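Structure first, commentary second.
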Amino acid sequence: MANKQPLLRMTGIHKAFPGVQALKDAEIEVLPGEVHVLLGENGAGKSTLMKILCGQYSADAGSVLFNDEEIRPTNPSEAERLGLVMIHQELNLVPGLTVAENIYLGHEPTRGGLINSDTMRQGSLELLRALRCDVDPNTQVSQLSVAQQQLVEIARALRRKARLLVMDEPTAALSDAEIEALFEVIRDLCRRGVPVIYISHRMKEIFAIGDRVTVMRDGRTVGTQEIEGTEVSELIRMMVGRTIAEQIPKREVPFGDVVLEVKDLALGGVLSPISFSLRSGEILGVAGLMGSGRTELARAIFGADPIDAGEIHVGGRALPGGDPAASIAAGLGFITEDRKQQGLVLQCSVVENITLTCLDDVASLGLLDLGAERNIGRHQVEKLHIQIASLDQEIVNLSGGNQQKVVLARWLAARCRVLLFDEPTRGIDVGAKVEIYELIGELVEQGVAIFLISSEMPELLGLADRVAVMHEGTLQAILPRAEATQVRIMELALAR
Ligand code: ADP
Ligand code: MG
């Protein structure tokens, strides 16, 4: 691949928005038929660079060579005529039209002056089949799942004879199976020589699909390299310029009273009797291998699952067990691992998601007070630096880090005293991770107690005051910070 001539070469690209220098001398080179990952923290300039390529923005300076020709598309249609197609973070289909109408939008085939819907239908079928998508072209787009909509967008791109396809964080709303299907589509495209520029910050995906990666930071290109043989830690260093361990700000907070007390909590075959307590301002890290019962413990404490035996007290008040509403009322919050399935209502707006747990505050006399709802939503969005276009934006279109912040915002709005976190930074980029660590720091300063399940050792070692280690449903030990080393934790997790 190294001796191929680049199909695309962008150099010296500058772009300013009012108050922001979004790109400073950015560059990228893309080879025919490769999957080229574009990696960088939120705000690094990835989308802007690609929007310049695809005619949505014009650059202040710089050159774009495509097929050895200098190009400067001034709008997306012009870029498309050149074969440059971008699939945006926010999908761009018309929900009220059919799949076929969307695929041919603006380019409807005609016969005798009339739109030829047979050709449209047949053409759409063929395109969709190539994508292994069995949606009927006559279906209204509003009836489709997000994954199907994405395939329709890709079909539309193929119909427009894309010679280079840009996908901006395409998997944010997809399930694992849908992601695998999308990857097959991408591999097909590459086999046909169409390179794909793939914007993502999910390390697993980058290594699964990418050939080369270009890393951006603060509007600049840091470097490009082959993905094979590259370490995750190296990419992270390129993205942030520091290692993650250096960025975890541990705040020293005096502990207050015990706010969570768990006594002999047991769940047949899943959890052996577990006891511990947690003080206001304290962070208890929870380590263990997959299947060690960490999530089950959090769910049992929260009341998401019924328990067989034991007691749970929050702020001195006994919880009935198995009753999430009572837990929330007592001041317990639960931030789940799977934002898509448990945490967020993807088709609802940002503001609706934030106020979901504090409906008492916004619902007066049985009516939703939309003004109050928006005030709470706006306050949290500002406080947590959630990057959104509007409060009414659907959650599904946000990046993972921003989705996670919406989940956090929801619990903050509900004024929790104890927060149970289950892998809060899984699948989000490094910059957003650090922001979440900072939020956790702010929470403990406000006296919130934190139960933090994490599989990321630097996160546990960096944040926790004590580390509980689980193995096969048993709490092996609770290590004080000074004794919580990676080796000791692993020994306990493996029960060696
Ligand atoms: P990324 O896609 O890497 O997250 P972006 O290219 O979206 O980053 O943004 C780069 C910078 O430019 C950010 O500071 C962002 O706030 C800013 N920016 C992007 N688009 C606009 C716009 N239309 N108007 C003003 N600022 C923008
Ligand atoms: Mg972006």
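The values are calculated or read from the model by the stated rules, or taken from the named source; none is laboratory data. The shown structure was predicted, so the numbers you read here are calculated from the model rather than taken from an experiment. With ideal geometry, Cβ positions are generated from the backbone for all residues, glycine too; neighbour counts draw on all protein chains shown.
Could you pull out the residue among Leu420, Leu439, Leu479, Leu461 that is under 30 Å from Lys46 (Cα atoms), in contact (Cβ under 8 Å) with a residue 12 or more places away in the chain, of a type outside the set (Phe, Trp, Tyr) and touching a helix residue (DSSP H, G or I) at 6+ places or on another chain (Cβ under 8 Å)? Spell out how you get there, then give the answer.
Numbers: Leu420 fails: under 30 Å from Lys46 (Cα atoms); Leu479 fails: under 30 Å from Lys46 (Cα atoms); Leu461 fails: under 30 Å from Lys46 (Cα atoms).
Of the residues listed, the single one that is under 30 Å from Lys46 (Cα atoms), in contact (Cβ under 8 Å) with a residue 12 or more places away in the chain, of a type outside the set (Phe, Trp, Tyr) and touching a helix residue (DSSP H, G or I) at 6+ places or on another chain (Cβ under 8 Å) is Leu439.
Among the residues in the range 12-34, are any in the same structural domain as Glu226 (by TED's automatic domain parsing), polar (S, T, N, Q), farther than 18 Å from Gly193 by Cβ and not in a loop (DSSP other than H, G, I, E, B)?
So in the range 12-34, the residues in the same structural domain as Glu226 (by TED's automatic domain parsing) come out as 12-34.
Subsequent filtering for residues that are polar (S, T, N, Q) retains 21.
Pick out the ones that are also farther than 18 Å from Gly193 by Cβ and you get 21.
Filter once more, so that each one left must be not in a loop (DSSP other than H, G, I, E, B): 21.
Yes, the conditions are met somewhere in the range 12-34.
Sort out which residues of the range 184-212 are within 16 Å of ligand 2 (Cβ to nearest atom) and within 19 Å of Val430 (Cβ to Cβ), and write them in order of number.
Of everything in the range 184-212, those that are within 16 Å of ligand 2 (Cβ to nearest atom) and within 19 Å of Val430 (Cβ to Cβ) turn out to be Tyr198, Ile199, Ser200, His201, Arg202, Glu205, Ile206.
Could you count how many residues in the range 307-327 are surrounded by fewer than 16 Cβ atoms within 10 Å (Cβ to Cβ) and assigned to a strand (DSSP E or B)?
Number of matching residues: 4.
Suppose we keep only residues that are more than 12 Å from ligand 1 (Cβ to nearest atom) and surrounded by 18 or more Cβ atoms within 10 Å (Cβ to Cβ) within the range 7-28. Which one would you say is nearest to Thr221 (Cα to Cα)?
Filtering the range 7-28 for residues that are more than 12 Å from ligand 1 (Cβ to nearest atom) and surrounded by 18 or more Cβ atoms within 10 Å (Cβ to Cβ), the one nearest to Thr221 (Cα to Cα) comes out as Glu27.
Return the residues of the range 1-57 that are in contact with a Phe, Trp or Tyr (Cβ under 6 Å, 6 or more places away or on another chain) and within 20 Å of Leu189 (Cβ to Cβ); say none if nothing qualifies.
Of everything in the range 1-57, those that are in contact with a Phe, Trp or Tyr (Cβ under 6 Å, 6 or more places away or on another chain) and within 20 Å of Leu189 (Cβ to Cβ) turn out to be Leu8, Val35, Val37.
Ala372 - would you say it is at pLDDT 75 or above and over 30 Å from Leu235 (Cα atoms)?
Here the answer is no, as Ala372 does not meet what is asked.
Name the residues in the range 92-130 that are within 26 Å of Leu189 (Cα to Cα) and among the polar types (S, T, N, Q), would you?
Asn92, Thr98, Asn102, Thr119, Gln122, Ser124
Being within 21 Å of Gly401 (Cβ to Cβ) and either hydroxyl-bearing (Ser, Thr, Tyr) or outside any helix (DSSP H, G or I) (or both) is the requirement here; does Val222 meet it?
Numbers: within 21 Å of Gly401 (Cβ to Cβ): yes; either hydroxyl-bearing (Ser, Thr, Tyr) or outside any helix (DSSP H, G or I) (or both): yes.
When the stated conditions are applied, Val222 passes them.
Out of contact with any Pro (no Cβ under 9 Å at 6 or more places or on another chain), on the phi < 0 side of the Ramachandran plot and among the charged types (D, E, K, R): which single residue out of Glu435, Glu472 fits that description? Break it down into steps so the answer makes sense when it comes.
Values: Glu472 fails: on the phi < 0 side of the Ramachandran plot.
Result: Glu435 is the single residue among Glu435, Glu472 that is out of contact with any Pro (no Cβ under 9 Å at 6 or more places or on another chain), on the phi < 0 side of the Ramachandran plot and among the charged types (D, E, K, R).
May I ask you to verify whether Leu420 is more than 16 Å from ligand 2 (Cβ to nearest atom) and not in a helix (DSSP H, G or I)? Write out each step before concluding.
Numbers: more than 16 Å from ligand 2 (Cβ to nearest atom): yes; not in a helix (DSSP H, G or I): yes.
Spelling it out, Leu420 is indeed more than 16 Å from ligand 2 (Cβ to nearest atom) and not in a helix (DSSP H, G or I).
Against the conditions (1) surrounded by 19 or more Cβ atoms within 10 Å (Cβ to Cβ); (2) in a strand (DSSP E or B), where does Ser272 fall short? Just the number, please.
(1)
Can you spot a residue in the range 101-109 that is polar (S, T, N, Q) and without any contact (Cβ under 8 Å) to a residue 60 or more places away in the chain? Write out each step before concluding.
Narrowing the range 101-109 to residues polar (S, T, N, Q): 102.
Checking the rest, the ones that are also without any contact (Cβ under 8 Å) to a residue 60 or more places away in the chain come to 102.
So far as the range 101-109 goes, yes, one or more of its residues are polar (S, T, N, Q) and without any contact (Cβ under 8 Å) to a residue 60 or more places away in the chain.
Please enumerate the residues belonging to the range 275-306 that are of a type in the set (A, V, I, L, M, F, W, C), part of a strand (DSSP E or B) and in contact with a Phe, Trp or Tyr (Cβ under 6 Å, 6 or more places away or on another chain). If you could, list the steps in order and put the result at the bottom.
First, pick out the residues of the range 275-306 that are of a type in the set (A, V, I, L, M, F, W, C): 276, 278, 283-284, 286-287, 289-290, 297-298, 300-302, 304.
Remaining after also requiring part of a strand (DSSP E or B): 276, 278, 283-284, 286-287.
Passing the criteria: only Leu284.
Results for (1) more than 16 Å from ligand 1 (Cβ to nearest atom); (2) surrounded by fewer than 20 Cβ atoms within 10 Å (Cβ to Cβ), shown as yes or no for each residue.
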{"residue": "Leu189", "(1), (2)": "yes, no"}
{"residue": "Val196", "(1), (2)": "yes, no"}
{"residue": "Phe207", "(1), (2)": "yes, yes"}
{"residue": "Gly210", "(1), (2)": "yes, no"}
{"residue": "Met216", "(1), (2)": "no, no"}
{"residue": "Gln225", "(1), (2)": "yes, yes"}
{"residue": "Thr230", "(1), (2)": "yes, yes"}
{"residue": "Leu235", "(1), (2)": "no, no"}
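Could you pull out every one of the helices (runs of 4 or more DSSP H) wholly within the range 64-163 that has 3 or more residues that are surrounded by 19 or more Cβ atoms within 10 Å (Cβ to Cβ)?
So the answer is 99-103, 117-130, 146-159.
Among the residues of the range 30-67, write down those that are away from ligand 2 (no atom under 16 Å from the Cβ) and either within 19 Å of the chain's Cα centre (by Cα) or without any contact (Cβ under 8 Å) to a residue 60 or more places away in the chain (or both).
Residues of the range 30-67 that are away from ligand 2 (no atom under 16 Å from the Cβ), as a first pass: 30-35, 55, 58-67.
Answer for the range 30-67, where residues must be away from ligand 2 (no atom under 16 Å from the Cβ) and either within 19 Å of the chain's Cα centre (by Cα) or without any contact (Cβ under 8 Å) to a residue 60 or more places away in the chain (or both): Gly55, Ser58, Ala59, Asp60, Ala61, Gly62, Ser63, Val64, Leu65.
The rows are residues; the columns are (1) over 25 Å from Leu332 (Cβ atoms); (2) modelled with pLDDT under 85.
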| site | (1), (2) |
| --- | --- |
| Ser390 | yes, yes |
| Ala409 | no, yes |
| Leu412 | no, yes |
| Phe421 | no, no |
| Thr425 | no, yes |
| Ala432 | no, yes |
| Ile440 | no, no |
| Ala449 | no, no |
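Identify all residues within the range 423-436 that are free of Cβ contacts under 8 Å to residues at least 60 places away in the same chain and in a helix (DSSP H, G or I); write none if there are none.
Filtering the range 423-436 for residues free of Cβ contacts under 8 Å to residues at least 60 places away in the same chain gives 425, 435-436.
Once the filter is applied, which keeps residues that are free of Cβ contacts under 8 Å to residues at least 60 places away in the same chain and in a helix (DSSP H, G or I), the range 423-436 yields Glu435, Ile436.
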